[in-house]
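Enquirer: Below: one structure in structure tokens.
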Amino acid sequence: MQSRAIAILGATGSIGTTTLNVVRAHPSRLRVAGLAAHSRWRELVDPAKEFGVSVIALADPAAAAEARASGAFPAGTRILEGTAGLTEVACLPEISMVVSAVVGTAGLAPTLAALKAKKDVALASKELLVLAGKFVTEAARASGARLLPVDSEHNAIHQLLREKPKGDIARLVLTASGGAFRDTPIADLKHVTLAQALKHPNWSMGPKVTIDSATMANKGLEVIEARWLFDVPADRIDVVVHPQSIIHSLVTLTDGSLQALLSPPSMAYPIQDCLLFPERLPCPAPRLDLAQALTLGMTPPDPARYPCLGLARAAATTGGTAPAIFNAANEVAVAEFVAGKLPFTAIAELVGRTLAAVSAREPGHLDEVLATDAETRVVASRLALGLAR
Ligand code: NDP
Ligand code: MG
């Protein structure tokens, strides 16, 4: 493989920094040409110097101004700002791939622009497919750019499906760790704290996705993500709780046999799979040690413990803008929980009430989805007042 130049949106985050570790391990294959984040510009100074990156974008204009004035970046570094800045980084002429790893939906416009400019996208931000799966997949199809899933479950399925005829696939099975409260008595969930919710048993991830793992809203988003990535209806996508996070997903073949992909719970594996696709090289993360005893468990998810999963499935079945409503309501609910305004169990309650209050429709244009997203946030914030502690 020739050297591949990439840009990273969300470069300061958990996925962004693991991406930099993977690049570090393969200097002859990978090069970083652009980095983008929201506001934490100081975290970009060292990577910019280490990887010789001369274009930076910060979504927050005040942070961009501060970064420019600081003189901390090497002379000649261009420091762009806002969505336009992120979009410019995502479309740099010298890159062929963008890692889309901004939390939430702020990466939508830059990612769509990258796909239209025929840049392959390594997609971590599942929210983009949940919000606008139809438009994101259409943009990739139209330009011929590849959409490669970073999310560990979807990356596993992508690996399992390579070169398999579609007719061989009966069902997809996403594994879920069960999150921080897998073994907490359901009656106690009302009283769990933010610090407890942020302690994921297996994965080290950003705060939003860690809380979404505890509610299983994350797996709900992932069912919708899989529906778009693999063109399989949600009712053929199963979820199973697998506490060890070593089996990253499975496919059920038409004859009833199953195939699985196993690796240790490190995002370096799926990220590297995308960055080097289709080449395979040793990954800079620990290996599974089969000289040690290994127990792999699987149980069906309990709907009473994880009501968000059922709500996401209902939104997937409704289709149209319903998944966007689910996503926006969940983002508001998680933010309220993080701010200490809602108890943990109110996250699902708020999502359910918001889904009932905002009507879904089939969007003809992306603007309709964005309008629904904005409307949902207003409605959810109002409904949250009725559920406040
Ligand atoms: P983090 O919270 O660790 O990082 C978020 C990144 O997004 C930061 O770089 C942050 O910049 C940037 N950001 C936040 N808001 C904006 C904005 N408005 N405009 C531009 N950039 C912004 O998140 P993760 O790395 O955990 O997750 C990123 C995405 O990947 C999410 O969609 C998540 O669901 C998905 N994902 C993550 C996994 C993981 O293991 N972490 C696994 C699978 C999927 P700043 O630092 O300046 O605020
Ligand atoms: Mg995942």
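Enquirer: Hey, among Leu261, Leu221, Leu253, which residue is buried (at least 20 other Cβ atoms within 10 Å of the Cβ), of a type in the set (A, V, I, L, M) and more than 16 Å from the chain's Cα centre (by Cα)?
Expert: On the way: Leu221 fails: more than 16 Å from the chain's Cα centre (by Cα); Leu253 fails: buried (at least 20 other Cβ atoms within 10 Å of the Cβ).
Answer to the check: Leu261.
Enquirer: Considering only residues of the range 75-96 that are of a type outside the set (A, V, I, L, M, F, W, C) and more than 23 Å from Arg4 (Cβ to Cβ), which is modelled with the lowest pLDDT?
Expert: To start, the set of residues in the range 75-96 that are of a type outside the set (A, V, I, L, M, F, W, C) comprises 76-78, 81-83, 85, 87-88, 93-94, 96.
In the following step, the residues that additionally are more than 23 Å from Arg4 (Cβ to Cβ) were identified as 76, 81-83.
Values: Gly76: 95, Glu81: 98, Gly82: 98, Thr83: 98.
For the range 75-96, the residue satisfying everything is Gly76.
Enquirer: Among the residues of the range 103-135 satisfying the criterion of being aliphatic (A, V, I, L, M) and within 16 Å of ligand 2 (Cβ to nearest atom), which is surrounded by the most Cβ atoms within 10 Å (Cβ to Cβ)? Give the steps one after another, and end with the answer.
Expert: Quick first cut of the range 103-135, residues aliphatic (A, V, I, L, M) only: 103, 106, 108-109, 112-115, 117, 121-124, 128-132.
Narrowing the set further to residues that are within 16 Å of ligand 2 (Cβ to nearest atom) leaves 103, 122-124, 128-130.
Numbers: Val103: 20, Ala122: 25, Leu123: 27, Ala124: 34, Leu128: 26, Leu129: 28, Val130: 27.
Filtering first and then ranking leaves Ala124.
Enquirer: Anything in the range 39-68 that is within 22 Å of the chain's Cα centre (by Cα) and acidic (Asp, Glu)? List them, or say none.
Expert: Within the range 39-68, Glu43, Asp60 qualify.
Enquirer: Let me ask something else about it. Name every residue in the range 79-97 that is away from ligand 1 (no atom under 13 Å from the Cβ) and in contact (Cβ under 8 Å) with a residue 60 or more places away in the chain, in order of residue number.
Expert: Scanning the range 79-97 gives Leu92, Glu94, Ile95, Ser96, Met97.
Enquirer: Say we look at the range 143-157 and pick out the residues that are away from ligand 2 (no atom under 13 Å from the Cβ) and assigned to a loop (DSSP other than H, G, I, E, B); which of these is surrounded by the most Cβ atoms within 10 Å (Cβ to Cβ)?
Expert: Initially, the range 143-157 is screened for residues away from ligand 2 (no atom under 13 Å from the Cβ), giving 143-148.
Pick out the ones that are also assigned to a loop (DSSP other than H, G, I, E, B) and you get 144-146.
Details: Gly144: 9, Ala145: 20, Arg146: 17.
The residue in question is Ala145.
Enquirer: Hey, does the range 122-132 have a residue that's more than 13 Å from ligand 1 (Cβ to nearest atom), more than 27 Å from Arg361 (Cβ to Cβ) and either of a type in the set (D, E, K, R) or in contact with a helix residue (DSSP H, G or I) (Cβ under 7 Å, 6 or more places away or on another chain) (or both)? Lay out the reasoning, then the answer.
Expert: Taking the range 122-132 as the starting set, the residues that turn out to be more than 13 Å from ligand 1 (Cβ to nearest atom) are 132.
Restricting the remaining residues to those that are more than 27 Å from Arg361 (Cβ to Cβ) gives none.
No, the conditions are met nowhere in the range 122-132.
Enquirer: If Ala63 satisfies every condition in (1) out of contact with any Phe, Trp or Tyr (no Cβ under 6 Å at 6 or more places or on another chain); (2) crowded, with 16+ Cβ neighbours inside 10 Å but one, which is the exception?
Expert: Failing condition for Ala63: (1).
Enquirer: Tell me which residues, restricted to the range 158-199, are within 16 Å of ligand 1 (Cβ to nearest atom), assigned to a loop (DSSP other than H, G, I, E, B) and surrounded by fewer than 19 Cβ atoms within 10 Å (Cβ to Cβ).
Expert: So the first thing to find is which residues in the range 158-199 are within 16 Å of ligand 1 (Cβ to nearest atom), and the list is 158-159, 174-180, 194, 197-199.
Retained after the next criterion (residues that are assigned to a loop (DSSP other than H, G, I, E, B)): 177-180, 198-199.
Scanning the range 158-199 gives Leu198, Lys199.
Enquirer: When you go through Pro185, Pro201 one by one, which is the residue that is at pLDDT below 95 and over 17 Å from the mean Cα position of the chain (by Cα)? Break it down into steps so the answer makes sense when it comes.
Expert: On the way: Pro185 fails: at pLDDT below 95.
Criteria check complete, one pass: Pro201.
Enquirer: May I pose another question? In the range 12-38, which residue that is touching an Asp or Glu at 6+ places or on another chain (Cβ under 8 Å) and in a loop (DSSP other than H, G, I, E, B) is farthest from Arg280 (Cα to Cα)?
Expert: Among them, the one singled out is His38.
Enquirer: Only residues that are not in a helix (DSSP H, G or I) and not hydroxyl-bearing (Ser, Thr, Tyr): list them for the range 39-69, please. First the steps, then the outcome.
Expert: The initial filter retains those residues of the range 39-69 that are not in a helix (DSSP H, G or I), namely 39-41, 52-60.
Residues satisfying the conditions are Arg40, Trp41, Gly52, Val53, Val55, Ile56, Ala57, Leu58, Ala59, Asp60.
Enquirer: Look through the range 78-137, keep the residues that are part of a helix (DSSP H, G or I) and among the polar types (S, T, N, Q), and return whichever of them is nearest to Val223 (Cα to Cα).
Expert: Initial filter on the range 78-137 (part of a helix (DSSP H, G or I)): 82-90, 108-116, 126-137.
Of the ones still in play, those that are also among the polar types (S, T, N, Q) are 83, 87, 111, 137.
Values: Thr83: 28, Thr87: 28, Thr111: 21, Thr137: 16 Å.
Filtering the range 78-137 for residues that are part of a helix (DSSP H, G or I) and among the polar types (S, T, N, Q), the one nearest to Val223 (Cα to Cα) comes out as Thr137.
The values are calculated or read from the model by the stated rules, or taken from the named source; none is laboratory data. Keep in mind that what you see is a predicted model, and the values were worked out from it rather than measured. Don't worry about glycine lacking a Cβ; one is built from the backbone with ideal geometry, like all the others, and counts go over all protein chains shown.
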